[in-house]
Structure formats: structure tokens, C-alpha cells
Amino acid sequence: MSIPVVSIVGQRSNSGKTTLLVKLITEAKRRGWRVAAVKHDVHGFEMDKPGKDTWKFAQAGADIVAISSKEKMAMIEKVREERTLDEVIQRITDVDLIFTEGYKHANRPRIEVFRSEVHEELMSKPEQLIAIASDKEFNIGVPCFDLNDAKGICDFIAEKYNIK
């Protein structure tokens, strides 16, 4: 059985995607779910700290740098081209649910974050959505949750994907 993937999307920065996702992860963990979170970054990022051993390995030219301990493991890989969401999630195992943020062009079930002070209209077509998280009500045939209703959204996800 494949791991369910739910994308949290919004039209632009500061729409509340990260805030909602943090609440959803917190609620999912309270329920005992194992959760992965995948962030799409269009600006380029630096994850390692200058001066640390793994940073030195990357600076020396390593294409893949990994660090592992008894509590966690991380890997940074230089790529020739951006990986698709499918390629990224194929590497994730042993979780109940994968949340993504920012993959608004990926063909995955999505919850759109809509704040009336930031947006004028939904960016997604109704058939792309499984739900909306908003400060206003929408009547387009998918559930509409309050932006702060992480419990309600997780209840919905649990029922939709049969997560215990």
C-alpha cells in the first residue's frame, strides 16, 4: 500500500501554508502518526552549517553528504536537475502520511490555504482539491475548514486515507 500524500498549497508566500502545516504535524504526532514533511523551495537553500564536518565534505565537492546518529539521519544530495515530487517521495518510507508544502503544480491531493486578506480567489480547480483551509466559507463541493482547525483536518485525512 502506498503512503498517502497531501499537498498544502497556496497562491503565494505568507498565505499561511507553513503555519497550517506545523499545526497539522503537531496534531498528527499527538495521534501517534509517523509523518514526513517535504518542502518545495524555488529560491535555493543551504541546510548545513559552515564549519561543521558535513559542510566541509560538501565544500570539498562531495555529491552526497549524509550524517547518521542513533536519533536521526540526514542526507544532502547535489542534483543536476530538480527532482519531481514523485522522485522525492519514493525515498520516504516507514511513515503513515506525507505532507508536502509548495508543490502547487504537482498532481497530488491538495488542501488549499486561503486567507481573504492575502487572496482574491482560489488558485485550484475544485477537482484538484480534497479540502480548503480558510477564514471564509466556500461552497464548491469539498470540505472547508477553519485555518486553525488542525484537529478537524486530521480527522478528515484519517477517514479519507484510513489512518489509525
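Quick note: the coordinates plus some simple rules give every number you see, no bench work behind them. From a predicted model like this one, the values you see are computed outputs, not experimental measurements. Positions of Cβ are backbone-derived with ideal geometry, glycine not excepted, and every protein chain shown enters the neighbour counts.
Okay, here's what the table says:
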item	result
At R0 = 30 Å, FRET efficiency that the Cβ-Cβ distance of K70 and D41 yields, to 0.05	0.55
The chain - Rg over Rh from alpha carbon coordinates, Kirkwood radius	1.00
Residue of I89, I76, I140 that the Gaussian network model of the chain assigns the largest fluctuation, springs spanning Cα pairs under 10 Å	I76
Compactness of segment 1-43, expressed as Rg and Dmax over alpha-carbon positions, Å	11.8, 35
GluC sites (Glu not before Pro) lying in DSSP loop within segment 52-151, provided at most 16 other Cβ fall within 10 Å	E71, E81, E82, E117, E120, E121, E137
Cα-based Kirkwood hydrodynamic radius, segment 43-130, one decimal, Å	16.5 Å
Residue-averaged [θ]222 nm for the chain, counting only DSSP H segments that reach four residues, each worth -39500 (n - 2.57)	-6500 deg cm²/dmol
Net charge of neighbours whose Cβ lies under 11 Å from the Cβ of I64, counting Lys and Arg as +1 and Asp and Glu as -1	-1
Charge tally in the Cβ shell below 14 Å around R31, where Lys, Arg are +1 and Asp, Glu are -1, R31 excluded	+2
The chain: relative contact order as a whole-number percent, Cα under 8 Å and 6+ apart	33 percent
Of all DSSP beta bridges in segment 11-156, antiparallel share, percent nearest 5	30 percent
Exceeding the 19 Å Cα-Cα cut-off - candidates K23/K125; K125/K151; K70/K164; K17/K151; K56/K78	K23/K125; K125/K151; K70/K164
